[in-house]
Amino acid sequence: MLILEGVDHVARPSKYSAEFRSDTIALWRASAGRRTFRDVAADLNVNPETLRTWVRDVGDGPVASGGSQDTAAEILRRAAAYFAREMK
C-alpha cells in the first residue's frame, strides 16, 4: 500500500471548463424551476448529480422571474460550440 505523507486527497482535473459550468448553471437557473436538473443535464450530456453539485456549490436557486429565451438560447449555443470543440 502506497502512503503519501501530507497528502490527503489528490483531485483529478475537471473535464468541464469553468465557463461551461457557469453557463450550465445559468441555463438551469433561467428555467425558473420549469426544468429539472435531469432535463438540463441531459440536454448538455452532463450527469444530473454533477449539475446539482455545481448549483449547490454556488448557492443559487432558479431565477424566480424566469430567464429570457434569448439567454437560454445563447447558453445552448455556447454549450454546442463547447462540445463541437471537444469532439475534434
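The values are calculated or read from the model by the stated rules, or taken from the named source; none is laboratory data. Worth saying up front: this structure is predicted, and the values here are computed from it rather than measured. Because the Cβ atoms are built from the backbone with ideal geometry, glycine has one as well, and the counts that use them run over all protein chains shown. We work out accessible area using only protein heavy atoms, side chains counted, and drop any ligands, DNA or RNA first. Shrake-Rupley method; radii C 1.70, N 1.55, O 1.52, S 1.80 Å.
Filter region 8-31 down to residues that are open to solvent by 50 Å² or more (accessible area, probe 1.4 Å) and out of contact with any Phe, Trp or Tyr (no Cβ under 6 Å at 6 or more places or on another chain), then give me how many there are. Explain how you work it out, then say what you get.
Quick first cut of region 8-31, residues open to solvent by 50 Å² or more (accessible area, probe 1.4 Å) only: 8-15, 18-19, 21-22, 29.
Now narrow it down to the ones that are out of contact with any Phe, Trp or Tyr (no Cβ under 6 Å at 6 or more places or on another chain): 8-15, 18-19, 22, 29.
So the answer is 12.
When region 32-57 is filtered for residues that are surrounded by fewer than 18 Cβ atoms within 10 Å (Cβ to Cβ) and part of a loop (DSSP other than H, G, I, E, B), the ones remaining, listed by number, are ALA32, GLY33, ARG34, ARG35, THR36, ASN45, ASN47.
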